[in-house]
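Since the structure comes first, as structure tokens, the remarks are kept for the end.
The values are calculated or read from the model by the stated rules, or taken from the named source; none is laboratory data. Keep in mind the model is a prediction, meaning the values are calculated, not measured. Note that each Cβ is placed from the backbone with ideal geometry, even for glycine, and that neighbours are counted across all protein chains shown. Quick note on the areas: whole protein, heavy atoms, side chains included, nothing else; ligands and nucleic acids left out. Shrake-Rupley method; radii C 1.70, N 1.55, O 1.52, S 1.80 Å.
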Amino acid sequence: MHSVAGTSFFHPPLSPGSALEVHLDLGNCYQALAFAKRKKLEPLKEAAYKVMRDNYLQVLRSPDIYGRLSGAERELVLQRRLRGREHLVVADVCPQDGSGRLCCYDDERDAWRPLARLPPEAVSRGCAICSLFNYLFLVSGCQGSGLQPSNRVFCYNPLTDIWSEVCPLNQARPHCRLVALDGQLYAVGGECLNTVERYDPRLDRWTFAPPLPKDTFALAHTAAASGGELFVTGGSLRYLLLRFSVREQRWRAAPTGGGRDRTAEMVAVRGFLYRFDLNRSLGISVYRCSASARLWYECATYRTPYPEAFQCAVVDELVYCVGRRRTLRFLADSISPRFVPEMRQAFPSPQGTLLPTVLTLPGPDVPQTRV
């Protein structure tokens with residue numbers, strides 16, 4: 001298999017021992033699938049599904065493919081795209097020299113590996129990343145020497161190792177938070193903004209969602225999604241927990257509790273929210289609440305003076321807190337949440353801002369792309 005402009009090509013034998021081969025791409029994969037089902041040609045059917053899996057966004061936007069698949073087939077293609085072991089993936093974004101890279105962490109080997117380069121036009125100050133349908137989406141912040149706010153949005157496909165540009169935001173929003181919820185992306189707030197935009201990958205379109213309440217300006221905020229709701233706290237919202245119901249299309253506020261420490265991050269793991277607060281002298285305090293009860297209490301601490309800022313990504317129940325000097329691991333166990341004491345390899349030679357997310361990578365080994 002090789003990839004050109006987002007299209008994969010396969011040459012599967014039609015049957016065992018057959019010399020006849022078929023050239024597959026997005027233009028003929030559905031016809032090949034229909035033919036394979038009629039003739040009971042399993043290798044051809046599997047190859048057609050693989051083209052759809054590797055190019056899921058294009059399939060999602062194509063009525064000639066997605067519109068003709070059954071509900072079971074749509075679910076099958078998506079599940080095959082998500083199949084495999086999840087990896088922590090970190091974007092190292094350095095606007096000073098216009099460079100950026102993606103690296104992934106192998107927890108079993110305690111090793112970081114290069115994954116891909118960021119396109120130069122995607123490198124910006126105050127950008128945000130998130131994964132959806134096993135694609136990495138990157139929302140630009142400020143670009144160029146004049147730090148011009150940008151509304152450009154980029155997308156990386158780990159199954160084809162290809163970057164593309166998707167529909168831009170309606171509004172440039174440096175330092176926003178990007179969150180996946182119910183098959184869509186939400187770009188929440190940003191510098192001096194209380195607006196929210198929602199991205200529909202099937203339509204490749206951003207539309208405005210209900211804005212954050214006007215009396216809860218969200219500078220340096222953090223966000224997470226759980227149970228069909230979007231949660232926002234931190235920054236000037238450190239005393240509040242805002243929640244947005246997709247079903248009701250409205251925001252509500254609830255008290256957060258906790259102290260006056262700076263909130264670094266918030267993540268959602270299996271029905272619980274975890275808030276990571278930083279205290280200069282004491283270290284990191286972790287507060288937890290049920291996404292339904294919304295009653296906060298301190299569940300764990302990590303004692304270290306002058307803790308560095310970090311951002312988090314979740315693999316199963318393990319929360320990776322990625323900073324420039326070290327990566328801490330927090331086990332979000334429902335009974336006994338705690339930091340894992342074993343120290344692991346820090347991100348190698350960070351050049352800029354580190355932004356973590358999670359992707360399922362192809363094959364038993366991570367690609368050895370030169371970075």
Check VAL315: other-chain or 5+ apart residues with amide H under 5 Å from its amide H, H built from backbone geometry? TYR320
Order these peptides, 336-344, 186-194, 29-37, 296-304, by their mean beta-carbon neighbour count within 10 angstrom, highest first. 186-194, 29-37, 296-304, 336-344
HN-Hα couplings for region 167-179 via Karplus (6.51, -1.76, 1.60; θ = phi - 60°), in whole Hz with x for Gly/Pro, come out as 4, x, 4, 6, 9, 5, 9, x, 6, 6, 10, 10, 9
Carbon and sulfur atoms account, in whole percent of the 1.4 Å probe accessible area of the chain, for 51
When only DSSP loop residues count, what trypsin sites (Lys or Arg not before Pro) in region 125-216 have their Cβ near at most 16 other Cβ atoms within 10 Å? ARG202, LYS214
Accessible area in the full protein assembly, largest first, 1.4 Å probe, for HIS175, HIS221: HIS175, HIS221
Kindly report the accessible area of the chain per residue (heavy atoms of protein chains, probe 1.4 Å, no ligands, DNA or RNA), in Å². 45
Charge tally for neighbours of ARG173 with beta carbon under 15 Å away, counting Lys, Arg as +1 and Asp, Glu as -1, is +2
How large is the helix-only mean residue ellipticity at 222 nm for the chain, computed as the sum of -39500 (n - 2.57) over DSSP H runs with n ≥ 4, divided by its residue count, in deg cm²/dmol to the nearest 500? -3500 deg cm²/dmol
Cα-centre dipole for region 33-167 with unit charges at Cβ (Lys and Arg positive, Asp and Glu negative), debye to 20: 760
Taking H placed 1.01 Å from N in the peptide plane, check which residues at least 5 places from LEU359 or on another chain put their amide H under 5 Å from its amide H. HIS87, VAL89
Measuring from the longest principal axis of the C-alpha atoms of the chain, the long axis of helix 71-82 (C-alpha) lies at a number of degrees, nearest 10, equal to 60
